[in-house]
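Read-outs throughout are calculated quantities, based only on the coordinates presented, and are distinct from any laboratory measurement. What you see is a predicted model, and the numbers here were worked out from it, not measured in a lab. Reconstructed Cβ throughout: ideal geometry from the backbone, glycine too, with neighbour counts over all protein chains shown.
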Amino acid sequence: MADFAGMSSQSFALAQARDTMRASAAWSPTHLDRSKSEKEQLYEVAKEYESIFLAEFLKQARQGELAEGMFSSEAGKTFQGMLDVEVARSSSTGISLGLAEAIVTQLGAGLSDQVK
């Protein structure tokens, strides 16, 4: 979250809008395919959660910058946030952090493998 102390109302509104855009950039609700079993649907949602977790990890890692770059701007920060979301989404489909499997194991114990 941005430091809002001492900002004008216009700067405050822009900073708030930027933070909101960065948090929700490129995330859309998962559309479940009802022709799949409950465990397959749970796995899809768990993979989406894993990618959200990875995006949040990248966001927190970026906040650890010691200084801003020479060409840093609000537009650049917004773009970087959207890029982080896409990197997280593509990474979670290619590699596994193990979160999705743990979620399916924990929550999928009582689910059936049959299509409803």
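Filter the chymotrypsin sites (Phe, Trp or Tyr not before Pro) in the range 49-105 to those in DSSP coil with at most 12 other Cβ atoms within 10 Å of their Cβ, and list the result. The qualifying sites are PHE71. If you keep only loop residues by DSSP, which GluC sites (Glu not before Pro) in the range 64-116 have at most 13 other Cβ atoms within 10 Å of their Cβ? Filter output for the range 64-116: GLU65, GLU68.
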